[in-house]
Amino acid sequence: MKKKRIAILGSTGSIGVNALKVIAAHPDRFEVVLLAAHNSVNLIRSQIRQYAPKFVAMASVHLPQLKKDHSRVKFFDAQRDLPELVSRADIDVVVIAMTGAAALEPFLAAVRAGKKVAPANKEALVMAGDILMEAARRSGSVIVPVDSEQSAIFQCLEGRNTQDLHQIHLTASGGALRCLPRMKHDQVSVKDILAHPRWKMGAKITVDSATLMNKGFEVIEAQRLFGVGVDKINVLIHPEAIIHSMVEFIDGSIIAQLGVTDMRLPIQYALTYPERLPMPLKRLDLVQLKALTFEAPDLKKFPSLKLAYAAARQAGTAPTVLNAADEIAVEAFLKGKIKFTGIHSVVERTLSKHVNVPRPGLLDIKYADGWARQKAQEIVERVS
Ligand SMILES: NC(=O)c1ccc[n+]([C@@H]2O[C@H](COP(=O)([O-])OP(=O)(O)OC[C@H]3O[C@@H](n4cnc5c(N)ncnc54)[C@H](OP(=O)(O)O)[C@@H]3O)[C@@H](O)[C@H]2O)c1
């Protein structure tokens with residue numbers, strides 16, 4: 001069997017490392033061609049030794065030393081060269097596991113080149129999902145999401161007619177502050193937030209899970225990936241994080257995808273789709289599960305989710321601004337510049353100053369992204 005040739009953008013992050021574990025478990029199925037990261041030099045060195053990629057892209061400052069030490073590998077500048085690299089003919093699947101808006105250009109290039117794309121990154125879909133999906137329709141690129149909720153929806157919808165869809169139930173574990181009253185939210189520290197109860201993830205997404213902005217992004221992501229109106233996407237708090245999302249049809253039937261909370265499951269599915277392979281993980285023990293519980297999200301306690309719904313309804317450049325302002329605000333919180341509750345204020349104030357552009361092109365999106373970062377930064381400086 002011909003091996004699938006894989007590129008992993010963000011190989012040193014939480015998703016990237018898990019993707020490499022999946023690949024290591026099936027050496028007869030996959031071959032790593034390209035690894036890309038930013039600053040984690042020691043980890044990329046050990047990944048080069050273990051997976052022998054042909055190409056590696058990193059921040060340019062690290063390239064001279066890496067080139068000296070690994071003469072068999074061709075090195076590239078991640079910021080400049082990723083769009084060209086992912087379009088290469090010797091790459092079959094591109095895993096987008098890097099954080100932030102920087103993923104947009106390589107994501108779009110991979111889609112335009114007709115690759116199978118496995119995005120964990122949600123920022124690019126939030127910023128420019130319509131452009132990415134339209135490019136995929138034109139090129140025939142297949143997008144199989146890695147984000148566990150989107151993977152669940154993808155699996156529940158497979159082979160079904162989306163016209164029969166009544167609504168999507170997008171589940172959320174509830175984040176680190178689910179049980180803490182709103183009045184105490186401004187006292188929580190970065191350390192409190194990073195102790196996420198269910199999933200082990202990178203810092204940015206863990207903070208977004210605590211504000212529920214992550215769920216808001218997923219609402220927009222689902223809207224784009226599955227072509228569903230935002231009012232058909234219902235967020236449900238499900239603390240056990242066993243059901244990764246559900247799809248309800250017009251006849252009242254609900255189909256759910258369940259699994260252990262391990263990202264290797266959706267990553268492997270995205271890599272092997274439409275096939276499935278065995279997975280050496282502990283299985284879900286249904287008898288041990290005492291109960292699966294659900295509650296409606298408290299939008300007063302988690303106003304960022306409400307803000308994300310509003311941006312989704314507004315469409316145009318509003319989701320781009322939401323994403324960019326959130327990136328700046330979360331970074332400021334992680335650096336101790338603003339309080340946890342300041343994240344919402346920065347995003348809300350940035351959005352309130354934005355003049356929305358309906359049906360934006362790529363240039364409008366880039367402009368809105370840059371504008372929002374600058375505006376959010378100004379607001380951070382004023383409140384810190
Ligand atoms: N973790 C999860 O369980 C999870 C679940 C669903 C969706 N996601 C999404 O998946 C993405 C990655 O999340 P994560 O938790 O894996 O993040 P993470 O642990 O913080 O890792 C981020 C990765 O992106 C790389 N990176 C950052 N900027 C880059 C750039 N400009 N060029 C190339 N590489 C760059 C980092 O490289 P360095 O290490 O070298 O800095 C690292 O490899 C995010 O968009 C997140 O929302 C994550």
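Remarks
- Candidate set from region 193-207 (those that are more than 12 Å from the ligand (Cβ to nearest atom) and at pLDDT below 90); member that is surrounded by the fewest Cβ atoms within 10 Å (Cβ to Cβ): ALA195
- Residue that is farthest from the ligand (Cβ to nearest atom) [pool: residues in region 73-98 that are over 21 Å from the mean Cα position of the chain (by Cα) and more than 17 Å from ARG5 (Cβ to Cβ)]: PHE75
- So ARG45, is it surrounded by fewer than 22 Cβ atoms within 10 Å (Cβ to Cβ), among the charged types (D, E, K, R), at pLDDT 95 or above and within 13 Å of the ligand (Cβ to nearest atom): yes
- VAL207, sole failed condition from (1) in a loop (DSSP other than H, G, I, E, B); (2) touching a Phe, Trp or Tyr at 6+ places or on another chain (Cβ under 9 Å); (3) closer than 24 Å to ALA124 by Cβ: (1)
- Residue selected from region 118-173 under the condition within 13 Å of the ligand (Cβ to nearest atom) and either part of a loop (DSSP other than H, G, I, E, B) or more than 20 Å from the chain's Cα centre (by Cα) (or both), by the criterion surrounded by the fewest Cβ atoms within 10 Å (Cβ to Cβ): SER173
- Look at (1) under 18 Å from ALA110 (Cα atoms); (2) in a loop (DSSP other than H, G, I, E, B) and you find that ARG5 fails only one, number (2).
- Qualifying positions in region 8-32 - part of a loop (DSSP other than H, G, I, E, B), in contact with a strand residue (DSSP E or B) (Cβ under 8 Å, 6 or more places away or on another chain) and closer than 18 Å to ARG276 by Cβ: ARG29
- Members of region 213-250 found to be in contact (Cβ under 8 Å) with a residue 24 or more places away in the chain, assigned to a loop (DSSP other than H, G, I, E, B) and away from the ligand (no atom under 14 Å from the Cβ), listed by number: GLY227, VAL228, HIS238, PRO239, GLU240, ILE242, ILE250
The values are calculated or read from the model by the stated rules, or taken from the named source; none is laboratory data. Owing to the predicted nature of the structure, the values given are computational and were not obtained by experimental measurement. FYI the Cβ positions are ideal-geometry reconstructions off the backbone, even for glycines, and counts take in every protein chain you see.
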